[in-house]
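What follows is calculated from the coordinates using simple rules that are stated; it is not laboratory data. Bear in mind that the values here come from a model prediction, so they are computed numbers and not experimental data. So basically every Cβ, Gly included, is an ideal-geometry build from the backbone, and we count neighbours across all protein chains shown.
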Amino acid sequence: MSKVQQIEAQLEKLSPQELQEVRTWLDDFFKDHVELADEVKAALDESRAQIAGQQWTSDARRKIDEGWNQAKAGELRSPEQVRERLAAHKHGFKNTGR
């Protein structure tokens, strides 16, 4: 029996109140994961637009290369650190008119 089948079997045993609690938890779970996916998608869309608009610079290429080198060296940042850094850069770009 697969894990999904096991979960389905257990769900059938729950009361309506318990099912509602599971549904609420699942809604929150998927909301959190979809929001993250939407944030990533928005960042990718923005990057694609910049590339299409030829706003691609050697500085951007250098930063990408630097990021890859850090990843290869095991110097990865947490998702929170990445979001904070991207937000700071976005704010800086808006203020400089880039």
Check your understanding: What is the gain in length, in nm to one decimal, between Glu8 and Lys31 on full extension, counting 0.36 nm per residue of separation less the C-alpha to C-alpha distance?
Key -> 6.1 nm
Study note, to complete from the structure: Placing each pseudo-label 7 Å from Cα in the direction of the beta carbon, Leu19 and Ala87 end up separated by a distance in nanometres of 4.0 nm
Review point. By how many nm would the segment from Val40 to Glu80 lengthen if fully extended, with 0.36 nm per residue of separation less the alpha-carbon distance?
Key: 13.1 nm
Review point. Residues with beta-carbon under 12 Å from that of Ser47, excluding Ser47: net charge, scoring Lys, Arg +1 and Asp, Glu -1?
Key: +2
